[in-house]
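Right, one structure below, let's go through it.
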Amino acid sequence: MVIGKRIISLKPGELVVLFGIFLKHPLYLLPTYRATKITVSISNRLFGKLHHEDNRTNAFRHALWNYLICKYCLPIAGSREEAMTWSKKITDLHERLSPNERLAKAMDLHNNRIGRELFFNNSYKKEEIESLLQKMAKEAVQVRNLKEIEESREKLVFIEEM
């Protein structure tokens, strides 16, 4: 499983940071895991392994992941704002610990934000958000630098064509 392999690949200090966050917020562990597992499952079903590259399908995956973390953590968080704060914390940590280059990290953080904003402003069912994000991925903007990411505020962004 991708999630388990990623956790196993963490350095000891990174594992301490990850477990420390979940120790402070243990009730978020299962809904975050559930959101992650469902996101990977949907992305695999729709795109195969393509979503592991810096392309449109990766943009879809990051936005969906953040949306679902917010959605599944909302009952525990008690408010949309708190669910978004948690999602940002855990997905920003993921980017901090990932081996991505600067532009790829910025792309992922941007697409994460899009997913959280969709959650904050709407209440979609899983099938609806999946469909909307597929449409948004088709309309995503290819970027070559950080400035282009900043200029694409409302759109998903990607680096490589498939």
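Here are some notes:
- Tabulated pairs, the stretch 35-62, first among the charged types (D, E, K, R), second surrounded by fewer than 16 Cβ atoms within 10 Å (Cβ to Cβ), C-beta under 8 angstrom, 6+ apart or interchain: Lys37/Ile3; Glu53/Glu160; Glu53/Met162; Asp54/Glu160; Arg56/Lys138; Arg56/Met162
- Of the residues making up the stretch 91-112, those that are assigned to a helix (DSSP H, G or I), polar (S, T, N, Q) and farther than 22 Å from Phe22 by Cα number 1.
- Residue in the stretch 113-127 that is β-branched (Val, Ile, Thr), modelled with pLDDT of 95 or more and part of a strand (DSSP E or B) present: no
- Residue match in the stretch 84-104 (condition: surrounded by fewer than 21 Cβ atoms within 10 Å (Cβ to Cβ), at pLDDT below 95 and polar (S, T, N, Q)): yes
- Scan of the stretch 105-155 for residues that are closer than 17 Å to Trp86 by Cα and surrounded by fewer than 12 Cβ atoms within 10 Å (Cβ to Cβ), ordered by number: Asn121
- Reported count of residues in the stretch 122-162, each being hydrophobic (A, V, I, L, M, F, W, C) and without any contact (Cβ under 8 Å) to a residue 24 or more places away in the chain, is 2.
- Inter-residue pairs, beta-carbon under 7 Å, first over 16 Å from Thr57 (Cα atoms) and in the stretch 99-113, second hydrophobic (A, V, I, L, M, F, W, C) and not in a helix (DSSP H, G or I), 6+ apart: Leu103/Ile159
- Any chance Tyr33 is modelled with pLDDT of 95 or more, farther than 27 Å from Gln142 by Cα, assigned to a helix (DSSP H, G or I) and not hydrophobic (A, V, I, L, M, F, W, C): no
- Matching residues, the stretch 48-79, being more than 20 Å from Leu29 (Cβ to Cβ) and either at pLDDT 95 or above or among the polar types (S, T, N, Q) (or both): Asn55, Arg56, Thr57, Asn58, Ala59, Phe60, Arg61, His62, Ala63
- You will find that of Lys71, Lys88, the residue that is out of contact with any Leu (no Cβ under 7 Å at 6 or more places or on another chain), part of a helix (DSSP H, G or I) and either free of Cβ contacts under 8 Å to residues at least 40 places away in the same chain or of a type in the set (Phe, Trp, Tyr) (or both) is Lys88 and no other.
The values are calculated or read from the model by the stated rules, or taken from the named source; none is laboratory data. Worth saying up front: this structure is predicted, and the values here are computed from it rather than measured. Cβ coordinates were reconstructed from backbone atoms using ideal geometry, including for glycine residues, and neighbour counts include every protein chain displayed.
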